[in-house]
Amino acid sequence: MTSELDIFVGNTTLIDEDVYRLWLDGYSVTDAVALRVRSGILEQTGATAAVLQSDTMDHYRTFHMLERLLHAPPKLLHQLIFQIPPSRQALLIERYYAFDEAFVREVLGKKLSKGTKKDLDDISTKTGITLKSCRRQFDNFKRVFKVVEEMRGSLVDNIQQHFLLSDRLARDYAAIVFFANNRFETGKKKLQYLSFGDFAFCAELMIQNWTLGAVGEAPIDPDSQMDDMDMDLDKEFLQDLKELKVLVADKDLLDLHKSLVCTALRGKLGVFSEMEANFKNLSRGLVNVAAKLTHNKDVRDLFVDLVEKFVEPCRSDHWPLSDVRFFLNQYSASVHSLDGFRHQALWDRYMGTLRGCLLRLYHD
Amino acid sequence: MPGKLKVKIVAGRHLPVMDRASDLTDAFVEVKFGNTTFKTDVYLKSLNPQWNSEWFKFEVDDEDLQDEPLQITVLDHDTYSANDAIGKVYIDIDPLLYSEAATVISGWFPIYDTIHGIRGEINVVVKVDLFNDLNRFRQSSCGVKFFCTTSIPKCYRAVIIHGFVEELVVNEDPEYQWIDRIRTPRASNEARQRLISLMSGELQRKIGLKVLEMRGNAVVGYLQCFDLEGESGLVVRAIGTACTLDKLSSPAAFLPACNSPSKEMKESPLVHPPSHGCRSTHNSPIHTATGSRLTQNFSVSVPTLIYTGMGSGSAGKEGGPFKALLRQQTQSALEQREFPFFTLTAFPPGFLVHVGGVVSARSVKLLDRIHNPAFVGIMGNTRSYKLLDWNSFNSDEPETRDAWWAEIRQEIKSHAKALGCHAVVGYSESTSICEEVCILSASGTAAVLNPRFLQDGTVEGCLEQRLEENVSTRCGFCHIPYDELNMPFPAHLTYCYNCRKQKVPDVLFTTIDLPTDATVIGKGCLIQARLCRLKKKAQAEANATAISNLLPFMEYEVHTQLMNKLKLKGMNALFGLRIQITVGENMLMGLASATGVYLAALPTPGGIQIAGKTPNDGSYEQHISHMQKKINDTIAKNKELYEINPPEISEEIIGSPIPEPRQRSRLLRSQSESSDEVTELDLSHGKKDAFVLEIDDTDAMEDVHSLLTDVPPPSGFYSCNTEIMPGINNWTSEIQMFTSVRVIRLSSLNLTNQALNKNFNDLCENLLKSLYFKLRSMIPCCLCHVNFTVSLPEDELIQVTVTAVAITFDKNQALQTTKTPVEKSLQRASTDNEELLQFPLELCSDSLPSHPFPPVKEHLESASSNSGIPAAQRDRCSSWIELIKLKAQTIRRGSIKTTVTVEKASPVGDGNFRNRSAPPCANSTVGVVKMTPLSFIPGAKITKYLGIINMFFIRETTSLREEGGVSGFLHAFIAEVFAMVRAHVAALGGNAVVSYIMKQCVFMENPNKNQAQCLINVSGDAVVFVRESDLEVVSSQQPTTNCQSSCTEGEVTT
């Protein structure tokens, strides 16, 4: 006796969260059944393995049918085939678009094109995430990227509107899209200590302050509409950043800046002497990063540079985080007292964001 | 020209990409009704076209309005080649034709293609202007309401129940026409869908005409079926019960949408004027299952030229002075009817006087080919589908089918007579076809109906009469209708355990729902008998004879199994019994489902005793006693499980058992191959007679084993195949309707009956287990209206289809009610989980011998209903004291909302997400449509019936593997069918389908060719329901807008 056909269709589509998770994690039906057996469900319910097999198959089939709709979540809301309560719909979408930390760290900042796809195999081996799950996550990134790529307006809002994700997840996706678009390097060994959360935090600050959308109103110049409001960094701003070079190039200005900072921080910093000794190096590092951002290559290396030029020197001198905060605050603020320096607004736009990023990046 | 149909095509969405180059579609729409077609403009390059068309107007006869479906085709415009069809929508406009139902059909309909399934949606608005038609000779029957529900619909009152109506129409099946060889599968499927739509329309119109002739205005319990006879054609037949219904004016005045149809009916007399008939006749197996342990002699008679099944039962005498009067009265009322049949399964109290038992008849027929050369020639023309035209040149054909059914019905009627009954209730008909052999089956419950209800009379008169004689409603229906001295079969009678005056059988089988006023002890459970019999492959007459010969044995075995299982559960009555015999190439399958209960009025069932034939063998003896112990343990366990603890009654009160007409009866067991196996049925064990199973061979051993293999549902689960579960009465609002299909392939090697039985048994048991597992998150819950259908699509395939609804209930309240069984049994299913208190309307009729305070009751009823207390609760209280208390409370509280709603959050079902918005998905535009096979929705009140839903779909694929194999294909198709039903209901303005049934699910596959085809036919009643909790809010918020509240104020001041 073999079962040829075995289906269960409810007027309200039954969604088993546990099975959904197994499916998302890319397990085959056989593996999923084995995992469910191990969870002790048979003992709890008194069911047989055959029942479990049939149930798992059924859920997998349902998920497979739903997957097409999940690719465009608004469709899931308007479709008539599956009657699913809104709370369940939200759960389906949210879980489908959720991703693994380990996976996202591997692809963050990489080009989301087909080229990377063959690397999925390696990622799968490296992270222990099933290839199927890697593919889903990668395709999700790519799909979101494609949809919002050409769109104007707030990145987070666009993502939320077209994929109906929660605020939290939409922000994460904005970061992923932003990183992919600007191709920030995140894979270098010295960046390995950083989590996705660290990068996402920085991305959000940069989107808020360094992109065209950040300027507030849409540019009047029709040509500039070609630029994506939130996705691309404000080119003009990056050009202007060159002006900051004077802070380290002009020796008087640099000395004045240093003395202002040192005066303000004397006695307040545990690592004062180290700071005093390193001030010029640090300042040069930070200002040079700014000045270089006109080149795409240097934009990509932004995080590498920040870690190399600032995080690592401080860390080797064992600055506590609070001292870093004191220093950065004072470092940014003191510029306002430099009479010869005319680019105060530019400096604030740059340093405001950078300070936030550096504080987040500064940990072990 | 009495009608104008107006259609507007608004927009489309989610259309498929038809042009690969642009990834877009240039869609336009054709709207067709009869022979008239309109087109919209082409909406270029969009998957979400906005046509926003003008109103397309069709001026048509109302006859056409009834028969024809509105056909909407969405196409992709192609400049250079033929336009490609995207898909179609058929809209049945019947609901617009009667005034109380829907006024407009408007909404998103899935665009359906028989090859690709659903491909996007289209927004359509349909209206009908009907002109008054004064022509008395009209052919249409607009205005007659149809209900699938097999009880009086909740917001209506039955003024008169006229009786049985039936009709059938026959046509050639387009799939078998020569043209089918040259047309595409899509064209063929569409021709079939359209033809069946037309045929159902015509059938409904013809039935409507009959109802008008009988001066009725509605058909209740309407059941329409298709017989796909293959080469010999397509039969669409329908039966129903004609009624005159009155809409209840005040929505507050009627009772719970839950299952006590009875109470509100008390003022509605059911008067039966002469009714209408039908035809014919044939053979019966169990003509009564009333606890007669099988005494029908199954003489195999082959009466007519065509092969009809087995022997008829006994011709019983009308008898006994005891019932003479009653009979005389009813006789006159029912005599004029050719067939005093009722398709209803639930009745107003007092309607049903006695129940005799199950009557059924089967007959085996050979289908002969229709030869009809003229038909194909006019195929291209729409009108040619018209059955009138067709019938005119092939008029003998429907007559043949009519005659077949007439025979069967005659048989049923005579069986009922043999049981001393003059009517048949819970009546249904079915067929099973394999190649050219067709088994026609009919079954019902022989009953005696209240003569007063069967005569013309005024409302007052009837009410009074009822009060006078309302002596023993709770047990009355159990009392034997036949004369005990001249019984049609030997049965074991005792005095009724309830009233001690009348006699009752020891076991009662019926096809109806449990009467609401019946006293039940404990809970009920689903009982199934399953049976397979191998049969040699044969042709034509030889085949039919072989089947005819097997049938009686199968009937007998099924009956024995049911009886054994019933005893094993410690119960004494079956309700909702449905025996399905399915014929296949090389086997016959029998599946009987019913809900077992313990009726307080019937005697405690005896146990099952096992007797061995070879008592000398020691180990054998030991084995027997071991088995006996197991059986006894199971019975004890079941009694505990189902809470069956009837009060002990001493022998003296009951009196001595009535002497048996025969002391013993021996019966041949049903194996055709080995007639020497004998089971002895001992009927002489006195009151506590045990059912003796004699074991003398492996076969019998099998039977005993199979008895014990049925696993009870896991704790927290109950199941039944009736509307509600006896003993559970606190339903919460979460429901989940589902369909599950399984097909197994038997290994063809040396199949034996035992192996076959085991396979079939496992299939059913595993299916149930799977259901319990899948629905575990709803615990505590009950599977209601569990409906199994078996078919044998191919030689080695068995297909089982189950449709049921899982309903959650409140465990705490269930526990409370278990305190006293009598009290508990008085309580009805109540549909909410709100605070205590409501007042028991049925108290008056239930626990008191006569109606003491009818006026008070009236008064209270309005008081409680007007004060915003959901009527559903009213039947919760079970004592007079509570009633008084309640009355006080009610009056004290006046119109203030008195109930606390504790709506449970629903983890799975669609309980209450209507008002919930879960961001960010809150902007869902798709309204929830509930579906249920029951006639009510727990926790809600049905406020309007919008019309019947009757849909037929075909789905075919030539890429079976790509669509996920057979499971993927059928899963998607059933989901699509649900979606289309919901869309139609939503477009009618409804939010639920009740009495939903999947009447047919024919699945055929050809994996080698990567092909599969499936036909599904579903029906139900589209309704609008209002949650009782919402109802209160409305009434308390807008006191002036509904009379309910304004009455309340009056009530309170008094």
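The values are calculated or read from the model by the stated rules, or taken from the named source; none is laboratory data. From a predicted model like this one, the values you see are computed outputs, not experimental measurements. Note that each Cβ is placed from the backbone with ideal geometry, even for glycine, and that neighbours are counted across all protein chains shown.
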_Here's a check for you: in segment A:87-96, which residue that is crowded, with 22+ Cβ neighbours inside 10 Å and within 21 Å of the chain's Cα centre (by Cα) is nearest to the other protein chains (Cβ to nearest Cβ)?_
A:93
*Among the candidates B:956, B:962, residue that is modelled with pLDDT under 90, over 30 Å from residue B:97 (Cα atoms) and surrounded by fewer than 24 Cβ atoms within 10 Å (Cβ to Cβ)*: B:962
*asked:* Of the residues A:141, A:99, only one is part of a loop (DSSP other than H, G, I, E, B), within 14 Å of the chain's Cα centre (by Cα) and among the hydrophobic types (A, V, I, L, M, F, W, C); which?
replied: A:99
*Looking at (1) at pLDDT 90 or above; (2) touching a Gly at 6+ places or on another chain (Cβ under 8 Å), find the lone condition where residue B:771 falls short.*
(2)
_Of all residues in segment B:81-95 being out of contact with any helix residue (DSSP H, G or I) (no Cβ under 8 Å at 6 or more places or on another chain) and of a type outside the set (Val, Ile, Thr), the one that is modelled with the highest pLDDT_ = B:87
*Which condition does residue B:754 not pass, out of (1) more than 7 Å from chain A (Cβ to nearest Cβ); (2) in contact with a strand residue (DSSP E or B) (Cβ under 9 Å, 6 or more places away or on another chain), if it passes all the others?*
(2)
*Would a scan of segment B:992-1006 turn up a residue that is closer than 27 Å to residue B:745 by Cα, among the hydroxyl-bearing types (Ser, Thr, Tyr) and within 11 Å of chain A (Cβ to nearest Cβ)?*
no
*Just checking, how many residues over segment A:78-96 are modelled with pLDDT of 90 or more and part of a helix (DSSP H, G or I)?*
11
*From B:786, B:800, which residue is more than 9 Å from chain A (Cβ to nearest Cβ), of a type in the set (A, V, I, L, M), under 14 Å from residue A:4 (Cα atoms) and not in a helix (DSSP H, G or I)?*
B:800
_Condition met for residue A:63 (surrounded by 15 or more Cβ atoms within 10 Å (Cβ to Cβ), aromatic (Phe, Trp, Tyr) and more than 9 Å from chain B (Cβ to nearest Cβ))_ = yes
*Among the residues of segment A:15-27, is any within 14 Å of chain B (Cβ to nearest Cβ), surrounded by 20 or more Cβ atoms within 10 Å (Cβ to Cβ), in contact with a Lys or Arg (Cβ under 6 Å, 6 or more places away or on another chain) and not in a helix (DSSP H, G or I)?*
yes
*All but one of (1) within 7 Å of chain B (Cβ to nearest Cβ); (2) without any contact (Cβ under 8 Å) to a residue 40 or more places away in the chain; (3) under 27 Å from residue B:786 (Cα atoms) hold for residue A:75; which doesn't?*
(3)
*Return the residue satisfying two criteria in turn: it lies in segment A:104-155 and is over 18 Å from residue A:186 (Cα atoms) and among the β-branched types (Val, Ile, Thr), and of such residues it is surrounded by the most Cβ atoms within 10 Å (Cβ to Cβ).*
A:148
_residue A:84 - would you say it is among the aliphatic types (A, V, I, L, M), surrounded by 22 or more Cβ atoms within 10 Å (Cβ to Cβ) and more than 8 Å from chain B (Cβ to nearest Cβ)?_
yes
*asked:* Taking the conditions exactly as written (assigned to a strand (DSSP E or B) and either at pLDDT 90 or above or crowded, with 24+ Cβ neighbours inside 10 Å (or both)), does residue B:547 satisfy them or not?
replied: no
*Looking at B:977, B:985, B:981, which one is over 17 Å from the mean Cα position of the chain (by Cα), more than 11 Å from chain A (Cβ to nearest Cβ) and part of a helix (DSSP H, G or I)?*
B:985
*Please determine, by comparing only the residues of segment A:28-50 that are of a type in the set (Val, Ile, Thr) and in a helix (DSSP H, G or I), which one is nearest to the other protein chains (Cβ to nearest Cβ).*
A:45
*Looking at (1) at pLDDT below 75; (2) in a loop (DSSP other than H, G, I, E, B); (3) acidic (Asp, Glu), find the lone condition where residue B:1030 falls short.*
(2)
*Is it the case that residue A:200 is assigned to a helix (DSSP H, G or I) and out of contact with any Asp or Glu (no Cβ under 9 Å at 6 or more places or on another chain)?*
no
*Within segment B:951-971, is there a residue that is under 25 Å from residue B:725 (Cα atoms), touching a helix residue (DSSP H, G or I) at 6+ places or on another chain (Cβ under 8 Å) and assigned to a strand (DSSP E or B)?*
no
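Listed here are the residues, each with its yes/no results for (1) under 30 Å from residue B:517 (Cα atoms); (2) in contact (Cβ under 8 Å) with a residue 12 or more places away in the chain.
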| site | (1), (2) |
| --- | --- |
| B:718 | yes, yes |
| B:724 | yes, yes |
| B:727 | yes, yes |
| B:735 | yes, yes |
| B:741 | no, yes |
| B:755 | no, no |
| B:761 | no, yes |
*State all residues of segment B:495-533 that are farther than 30 Å from residue B:760 by Cα, of a type in the set (D, E, K, R) and outside any loop (DSSP other than H, G, I, E, B); if no residue qualifies, say none.*
B:503
